[in-house]
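Taken together, the values in this text are just the output of simple stated rules run on the coordinates, not laboratory data. Source: prediction; values computed, not measured. Every residue, glycine among them, receives a Cβ derived from its backbone with ideal geometry; neighbour counts consider all protein chains shown.
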Amino acid sequence: MLSKEQKPKVTRVSKQYLHEKKVDALTRRLSCPTVRVEVRSQPVDHSNNFVHSSNAPNRKHCQSLSVQNTTLPGTYSHRSIELINSKNDSSCFPHDGSRTALQPTTTTTTTTSTTSTSSTSTTSTSTSTSTSTSTSTSTSTTSSTSTSSSTSSTSTSTTTTDYCSTFRWNQTGEVVAGTGSGGSDANEFNKPAWLYIDANDTMYIPDHHNDRVQKWTKGAANGTTVAGTSAGPGATAIPHPEYLTVDKDGYIYVTGHKLTGVVRFPPNSYVGTIYAGTSSTGSGLNQLDGATGMVVDNNLNLYVVDTGNNRVMKWSQNASSGVVMINDSDIANVHGIQFVPGKSDQVYLSDANKDSIYMWTFGAPSPNKTLTQVASASKPNLDHPWGIVVDKYNNLYVADQNNNRIVMYCGDSDIGIPVAGETGTTPIPTTPMDVGFDSDMNMYVVIDGHEVIKYTRI
């Protein structure tokens, strides 16, 4: 039996996480070298409000749990799940999702040994007396002293753990959509331009020269046209679509260089309407000119990069005109836009002309930060960055187009790390347009060469 000091640490997880099937994500958020999962199908009386519910509707079930390459088959009533650090590592802590929590941490251990000083003193005395015709007395004394010296030594060891290094992908990828040759069949693309992956791991791709948007479910051999004239009778035309996003309600937003505004399609409908902008380009608050990247917040506000007017616009839900959020000449060549994690007033913008990623606060006259550097001896800077995305761990990824690679900016780092496209990558993501991730953090890269490449998380 383990002693009290040997018992592993336990982090209990409330049932609110369970229905989202995020056990794997939770294990990744524990910065521990080894994690195992204990599944209890019987009630466990915890006093910290993680108590199971006896009501059937509140019981959450899942067919399998994928936990660090270990699959637990079967159906479990997930009323109590404990993530256990089996090594009882003192550096293990729950990751709260903040960007700084993923930064390298340093642990210093100091050991001190001491030898004490001891001193011993011994004294003996003897006396003898004899009497006959005379009397004599003699006394002898012996004294000895020993002394040992004291020594002390201290050793210090320092260990640095880089959590960014845990984000790695198999450099042997596989083509999961497209054939590599331009075409208009259901399994083909002709210059795919952007990528959005929803919570169901379904990809949405604007098929630029086929004037359509293709929906590609996970594992499918063919795509389905969900927008564009080929989608069905009476479908709204979207000539040369290039940029796309999807909101939390399933509405699809599309724009491109031949569209005068943003066209929005309701779920399961290929009939769209101009949602932002008008039927003609212009500089009015109700107009757009050269709209590119878009992002929608949780309140369904639409943010659009308006390159022809050097601005970023906000369109509130069902508004007839927009509000200028950023106005600067640097916006002229911006393509991608993403919110900075935890911020509702700050975005990342990718400037292909100046080879830069900006972190920019709404209303500010200039960027808060500019990212250009990459940890690569042969390609130390971004070159024509295009699409960008932020993962669920709050890391930023860039489709570094002219360098044929994907670069990750981990946490708050100012120096990027190449994660696909450097030495040993096959197929090479030549001229990447955009990048995205599924729920298992597998990476998908849409390239100008008519296909989407998947790199599996390792």
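Each Lys and Arg contributes +1 and each Asp and Glu -1, all at the Cβ; summed about the Cα centre of region 224-339, the dipole is approximately 220 debye.
In square nanometres, what is the average projected area of the Cα convex hull of region 270-312? Kindly include the intermediate steps, with their values, before the conclusion.
Numbers: hull surface 14.3 nm².
Reported value for the Cα convex hull: 3.6 nm².
The separation of region 337-358 from region 398-432, counted between C-alpha centres, amounts to 17 Å. For the pair region 259-275 and region 166-222, the centres of their Cα atoms are 21 angstrom apart. The spacing between region 236-251 and region 286-321, judged by their C-alpha centroids, is 13 Å. Karplus-based coupling profile of region 397-408, in residue order and whole Hz: 10, 10, 7, 8, 4, 6, 9, 6, 7, 10, 10, 9, with θ = phi - 60° in 6.51 cos²θ - 1.76 cosθ + 1.60 and x standing for Gly or Pro.
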